[in-house]
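Shown next, in structure tokens, is the structure this report addresses.
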Amino acid sequence: MTTPAGVEITGPMGDRYDEILTTEALELLADLHRTFDGRRRELLDARDRRYAELAAGGTLGFLDETKDIREGDWQVAPPAPGLADRRVEITGPTDRKMTINALNSGAKVWLADFEDANTPLWDNLVQGQLNLRDANRRQVDFTSPEGKAYTLGEETATIVVRPRGWHLPEKHVLVDGEPIAGSLFDFALYFLHNAQHLVDTGRGPYFYLPKIESHLEARLWNDVFVRAQETIGLPPGTIRATVLLETYPAAFEMEEILYELRDHSAGLNAGRWDYIFSAIKKFRTRGRDFMLPDRAQVTMTVPFMRSYTELLVATCHKRGAHAIGGMAAFIPSRKDAAVNETAMGKVREDKTREANDGFDGSWVAHPDLVPICREVFDGVLGDRPNQIEKKRDDVHVTAEELLDVAATPGNVTEAGLRNNVSVGIQYLAAWLRGTGAVGIFNLMEDAATAEISRSQVWQWLHNDVVLDNGETVTRELVERLADEEISKLPGDPAAYAEARQTFMEVAVADDFAEFLTLPAYERMP
């Protein structure tokens, strides 16, 4: 392997890594970094400026300068091959077993995740690229330690890759002495090694774009796509991308985000958990007007979440784009039938609401939930691949409705605080060991749900919230609950020391860490 000038790989080289970290791939990475990293950093600085304005009493609203886009007559590109019917999508990391199980699950789409359901260990990232490359060529198999063999079936889901967000670095690859963006690393390697092969076999390179906060960030992705396609000689529009609408500011720029990506757009997804996290984060110091109750009480039917999903469907269908519903995070229990019955009923109710609202499909985190989601959407869609024709002209959502967090019913309880502390520590313990999707209390927790847990603790603590038992949330209380919750966990409590320390760093410190994954990543080799 020849490393291009100015490129340094600091991560160790494992078996077959040279198939991914090729000279051609590293040249593309270097070109994208040198061309776009300055703009990426400027946009991250713009996020900081926007938060400072909000902390000083500002607000969010629809942009005056893009009114002509919202009122204009335009449509996104028609659905790409393999993306017309998306009634069930399954998510998960890109380890080899998950790759096969997700592709065989019966879902129409697999979100192959390098982001919230993945831990960015060097081996996870490069092995994940190898697994996807093999899967696209139907050369992937796996044998468990128990001797069970896993192979691909005849019909498999369409792969849609989620790279990391603009904010996360990839410290194992340096260009001109600087770490590159994790987003560009994940995108470029998958694109370079799979795009032409996918086109030749009748599909294309498809992506989910996370954590976008403005249409200018979507424009940056669009320019990256154009550059990458030109580099290997593919026509514009070959790449398709679905944007996870999962930040509070982006809710006011839905049409603009679709417009910026219109030749490459595959719609929007209601990234519900990160959206709740973003609502807390952006207004974390603004007191009661933006104070949410226990995480379990913030359902999709509370006013501000209802406004967000209704607007998303109406916006997407107005522009000819898919609207994809949110995650069902329940993990079926192998031991408790009563838990399953209650939870499955809630999943069915959630998917039924989405299908009736006009969503074209929805997400699940576990293969056992695929049949429920498919049955619900089959009942609404029938033989149609989607319901983009359902325009939802009845929807008229105002900025005030999107911002009406205060109307969320519920209260803050000791049980809710305990749950947040326990989930946060358990998740970080797994994350630091290399696992990004973790089953906790019969729910699939990923970085987004862990972010809700730790940001609620921070918000309640720094706003002197009083619990239902009359006790005020203090650092001392959080420290005591952490010790008590760790004592309930299996194994040696000392094994949770690093996770506990990391959790305290992002949940009770005076300064709020933008993402828990940033300080956690610094603890990784």
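3J(HN,Hα) along the stretch 67-82, derived from phi through the Karplus expression 6.51 cos²θ - 1.76 cosθ + 1.60 where θ = phi - 60°, amounts to 4, 5, 5, 5, 9, x, 9, 8, 9, 7, 4, x, x, 7, x, x Hz, with x in place of Gly and Pro. For Val173, the residues whose amide H sits under 5 Å from its own are Thr10, Ile180, ignoring neighbours fewer than 5 places away on the same chain, with H placed 1.01 Å from N. Computed over neighbours whose Cβ is under 15 Å from that of Arg203, the net charge equals +3, Lys and Arg +1, Asp and Glu -1.
Here the stretch 479-521 is scanned for amide nitrogen atoms under 16 Å from the site 7 Å beyond the Cα of Phe441 along Cα-to-Cβ, giving 481-490. Using a/c under 1.5 as the rounded threshold, could you call the stretch 370-514 rounded, prolate or oblate? The axes a ≥ b ≥ c are square roots of the C-alpha gyration tensor eigenvalues, and prolate needs a/b larger than b/c, oblate otherwise. Taking the square roots of the gyration eigenvalues as a ≥ b ≥ c, the stretch 370-514 is oblate. Sorted ascending by nearby beta carbons within 10 Å, beginning with the fewest, Leu29, Leu130, Leu428 become Leu130, Leu29, Leu428. Charged side chains reduced to their Cβ positions (Lys and Arg at +1, Asp and Glu at -1) give the stretch 243-328 a dipole of some 320 debye around its Cα centre. Site pair Asp223 and Glu154 shows an inter-label distance of 4.8 nm when each label is modelled 7 Å from Cα along Cα→Cβ. Sorting the segments 49-58, 409-418 by their residues' average number of neighbouring beta-carbon atoms within 10 angstrom, most packed first, yields 409-418, 49-58. Residue ranges 266-276, 200-210 sort as 266-276, 200-210 when ordered by packing (mean number of other C-beta atoms within 10 Å per residue, highest first). Computed from the Cβ-Cβ distance with R0 of 41 Å, the FRET efficiency linking Lys391 to Ala494 stands at 0.10.
Relative contact order for the stretch 82-144: 37 percent, from Cα pairs under 8 Å spaced at least 6 residues apart, divided by residue count. Applied to the stretch 326-339, the Karplus parametrisation 6.51 cos²θ - 1.76 cosθ + 1.60 on θ = phi - 60° returns per-residue 3J(HN,Hα) values of x, 7, 9, 8, 5, 10, x, 8, 7, 10, 10, 5, 5, 4 Hz, with x for Gly and Pro. The charge dipole of the chain, taken about the Cα centre with unit charges on the Cβ atoms of Lys, Arg (+1) and Asp, Glu (-1), comes to about 780 debye, rounded to the nearest 20.
Here r is the Cβ-Cβ distance between Ala509 and Glu178 and R0 is 25 Å; the resulting FRET efficiency, rounded to 0.05, is 0.40. The residue list Ser214, Ala337, Thr285 was ranked by how far each Cα lies along the charge dipole of the chain toward its positive end, using unit charges on Cβ atoms, and Ala337 comes out on top. Each label point was placed 7 Å from the Cα along the Cα-to-Cβ direction; for Ala84 and Ala407 their separation is 3.9 nm. Modelled spin labels at Glu522 and Glu349, positioned 7 Å past Cα toward Cβ, are 4.3 nm from each other. Checking (i) -0.18, -0.48, -1.18; (ii) -0.21, -0.55, -1.23; (iii) -0.38, -0.75, -1.18 against the coordinates, the calculated log10 I(q)/I(0) by the Debye sum over Cα atoms at q = 0.05, 0.08, 0.12 Å⁻¹ falls under label (i). The mean sequence separation of alpha-carbon pairs under 8 Å and at least six residues apart, normalised by the residue count of the chain, gives a relative contact order of 17 percent. When you count the other C-beta atoms within 10 angstrom of each residue and take the mean per peptide, 156-169, 8-21, 491-504 line up highest first as 156-169, 491-504, 8-21. Measuring from a point 7 Å past the Cα of Arg384 along Cα-to-C-beta, which residues in the stretch 281-318 have an amide N at less than 19 Å? Output list for this probe position: 310-318. Shown is the FRET efficiency for Ser333 and Asp45, computed with R0 = 41 Å from the Cβ-Cβ distance and rounded to the nearest 0.05: 0.35.
Throughout, read-outs are computed from the coordinates displayed, never taken from laboratory work. Predicted, not measured: the structure shown is a model, and the values here were computed from it. Every residue, glycine among them, receives a Cβ derived from its backbone with ideal geometry; neighbour counts consider all protein chains shown.
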